[in-house]
Amino acid sequence: MITIDKMCYHSKLRYENAGEKFAFAVITLLICVMSRSAAVAGIVLAVTGVLTVWKGGIPVARYVRFLTVPLAFLILSTAAIMFNIRRTPLDLFALPIGGWYLTASSHSFFYAVSLVLTALAAVSCLYFLSFTTPMPDILQVLRRLHCPKLMIEMMLLIYRFIFILLDTASAISTSQDCRMGNRDYKTSLKSFGMLGSVLMIRAVSRSGKLYDSMEARCYDGTIRVLSENHPPKKKVIAGIVCFELLLFSFAL
Amino acid sequence: MSKRQKKIITLAAAFALMFGIVPNVSAMHIMEGYLPGAFCIAWGVLCVPFLIAGFMSIKKTISQNRKLITLLAMSGAFIFVISSLKIPSVTGSCSHMTGTGLGAILFGPASVSILGIIVLLFQAILLAHGGLTTLGANVFSMAIAGPFVSYGIYFVCKKTGVNKRVSVFLAATIGDLFTYCVTAVQMAIAHHADTTIFGAMGKFLAVFAPTQVPLAIIEGIITVVIVMGLESYAKPELRAVGFLKEAK
């Protein structure tokens with residue numbers, strides 16, 4: 001259903017300690033965003049890419065395709081930053097349109113390039129986390145960080161329900177397809193709306209049933225789940241600390 | 001066919017192809033790493049009071065009636081699923097709803113702020129829409145500003161006795177457009193290389209308008225169909241959800 005979720009359970013780095021992976025991804029992300037230099041971004045992109053693909057065993061084609069997910073946003077907003085429409089041309093280039101110029105300055109060009117690199121590097125950090133660490137492990141880390149108990153519990157339940165509802169939604173949309181539910185644009189809008197309302201009705205009745213079954217199993221306000229514990233390895237921690245220190249000194 | 005005509009056709013084809021494969025016109029999630037550090041922190045801090053208020057309201061609701069926790073979680077999952085499904089779009093690119101208007105109308109703005117932060121976190125990690133550092137900015141535009149405007153419009157329309165379909169449509173569409181304007185403002189404050197903030201804002205608004213304006217209208221229509229469907233088939237379920245709204 002959700003490709004990233006499926007892939008991360010197959011990752012070879014899955015059974016590493018979740019805290020290590022979380023710390024690595026988040027600290028690298030922070031250094032990358034704070035420094036905003038193209039060189040740091042390049043290093044980060046290379047290191048996290050190699051770790052995710054080579055160490056984690058995610059197919060390269062998949063990984064590259066996922067890097068293009070935010071492409072639409074990136075192209076549009078970078079175009080908005082770089083190009084200007086004004087009466088006087090700027091120093092990089094200028095295309096005359098009537099009495100106006102579509103123009104860019106070299107300053108904004110370099111700004112845009114470093115921005116694109118930083119954004120891609122940041123996305124690769126995020127992918128390192130989400131391609132190697134399943135959601136329950138991330139929740140375990142958040143619990144260690146003293147995130148409120150109610151939030152964690154809600155997240156656990158929502159994570160579980162997402163798959164139930166996606167299943168229901170895909171069954172409904174398959175049967176709508178079979179019955180010519182997407183024949184033309186107007187019908188498909190109506191079908192989508194009907195899917196939404198039926199999904200909501202199913203969701204509410206499901207939630208009632210789930211609560212009853214939790215109550216039957218002695219639910220007293222906390223959901224207790226067993227978690228596998230993979231102790232952190234000294235070598236890995238040392239490696240992470242060295243890498244972050246190097247990156248940090250490079251960023252300065 | 002002259003040489004010039006051929007050239008024009010090739011150019012047009014390349015242009016069409018480029019926009020044809022642009023994969024995901026999602027709602028206006030600001031991408032990971034696109035905002036400088038200081039702005040990420042500032043937007044995050046701005047969200048905190050709303051999140052605390054939402055958290056307190058949810059906590060109180062649940063301590064009064066423990067059964068509502070599964071309902072609340074189901075509502076969060078519902079918002080996630082609705083916003084991750086492809087909606088039928090005119091241009092053929094695949095686009096998604098924000099679900100903020102629908103969420104605000106069904107569950108009220110206080111609980112949507114908390115559900116919103118969880119949903120946005122999941123969208124960042126599982127779908128790569130948005131990101132961890134831009135979470136604060138995205139929460140502000142999509143889980144706080146949009147829903148509050150939607151709910152306000154819906155409430156005012158209800159008080160003044162406007163037709164229900166019209167009021168739902170207005171709430172969802174204007175809430176969506178407001179989200180898009182807030183995002184443009186957030187980006188303009190962070191990035192204005194050679195113009196003023198207002199110039200940059202104009203540019204961001206112009207660049208995203210062709211995708212976002214039709215999307216907002218489609219979202220409005222779909223929200224009307226969903227709410228009408230619920231009104232006719234699911235009175236008891238709506239009453240159950242109404243509990244979340246009353247407890248504020």
Matching residues in segment A:12-55 - criterion: being farther than 22 Å from residue B:37 by Cβ, hydroxyl-bearing (Ser, Thr, Tyr) and within 18 Å of the chain's Cα centre (by Cα): A:52
Of the residues B:119, B:225, B:213, B:162, which is modelled with pLDDT of 90 or more and among the β-branched types (Val, Ile, Thr)? B:119
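Per-residue answers, yes or no, for (1) at pLDDT below 80; (2) among the small types (Gly, Ala, Ser):
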{"position": "B:62", "(1), (2)": "no, no"}
{"position": "B:71", "(1), (2)": "no, no"}
{"position": "B:74", "(1), (2)": "no, no"}
{"position": "B:78", "(1), (2)": "no, no"}
{"position": "B:82", "(1), (2)": "no, no"}
{"position": "B:86", "(1), (2)": "yes, no"}
{"position": "B:90", "(1), (2)": "yes, no"}
{"position": "B:94", "(1), (2)": "yes, no"}
{"position": "B:101", "(1), (2)": "no, yes"}
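Hey, any hits in segment B:25-43 for a residue that's surrounded by 14 or more Cβ atoms within 10 Å (Cβ to Cβ), part of a helix (DSSP H, G or I), more than 11 Å from chain A (Cβ to nearest Cβ) and modelled with pLDDT of 85 or more? Don't jump to the end; show me each part of the working.
Going residue by residue through segment B:25-43, those that are surrounded by 14 or more Cβ atoms within 10 Å (Cβ to Cβ) are B:25-37, B:39-40, B:42-43.
From the residues that got through so far, the ones that are part of a helix (DSSP H, G or I) too are B:37, B:39-40, B:42-43.
Going one step further and asking which of them are more than 11 Å from chain A (Cβ to nearest Cβ), we end up with B:42-43.
Among the residues that remain, those that are also modelled with pLDDT of 85 or more are: B:42-43.
There is at least one residue in segment B:25-43 that is surrounded by 14 or more Cβ atoms within 10 Å (Cβ to Cβ), part of a helix (DSSP H, G or I), more than 11 Å from chain A (Cβ to nearest Cβ) and modelled with pLDDT of 85 or more.
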Selection over segment A:184-222 where residues are loosely packed, with under 14 Cβ neighbours inside 10 Å and more than 7 Å from chain B (Cβ to nearest Cβ) yields a count of 11
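Being buried (at least 23 other Cβ atoms within 10 Å of the Cβ) and among the aromatic types (Phe, Trp, Tyr) is true for just one of B:80, B:55. Which residue is that? Outline the logic, then answer.
Details: B:55 fails: buried (at least 23 other Cβ atoms within 10 Å of the Cβ).
Just one listed residue meets the conditions, B:80.
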What is the one condition in (1) surrounded by fewer than 24 Cβ atoms within 10 Å (Cβ to Cβ); (2) under 22 Å from residue A:150 (Cα atoms); (3) more than 11 Å from chain A (Cβ to nearest Cβ) that residue B:144 does not satisfy? (1)
Any chance segment A:152-173 includes a residue that's surrounded by fewer than 18 Cβ atoms within 10 Å (Cβ to Cβ), out of contact with any His (no Cβ under 8 Å at 6 or more places or on another chain) and not in a helix (DSSP H, G or I)? no
Would you mind telling me which numbered condition in (1) out of contact with any helix residue (DSSP H, G or I) (no Cβ under 9 Å at 6 or more places or on another chain); (2) of a type in the set (D, E, K, R); (3) assigned by TED's automatic domain parsing to the domain that holds residue A:47 residue A:212 fails? (3)
Residue check for residue B:240: assigned to a helix (DSSP H, G or I), closer than 28 Å to residue B:137 by Cβ and touching a helix residue (DSSP H, G or I) at 6+ places or on another chain (Cβ under 9 Å): no
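Considering B:162, B:156, B:182, B:166, which residue is surrounded by fewer than 22 Cβ atoms within 10 Å (Cβ to Cβ), assigned to a loop (DSSP other than H, G, I, E, B), hydrophobic (A, V, I, L, M, F, W, C) and away from chain A (no Cβ under 14 Å)? Full working, then the answer.
On the way: B:156 fails: assigned to a loop (DSSP other than H, G, I, E, B); B:182 fails: assigned to a loop (DSSP other than H, G, I, E, B); B:166 fails: assigned to a loop (DSSP other than H, G, I, E, B).
Result of the check over B:162, B:156, B:182, B:166: B:162.
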Checklist (1) in a helix (DSSP H, G or I); (2) closer than 30 Å to residue A:222 by Cα; (3) more than 10 Å from chain B (Cβ to nearest Cβ) applied to residue A:147, failing item: (1)
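The values are calculated or read from the model by the stated rules, or taken from the named source; none is laboratory data. Here the structure is a predicted model, which is why all the values come from computation and not from measurement. Here the Cβ is made from the backbone with ideal geometry for all residues, glycine too, and neighbour counts use every protein chain on show.
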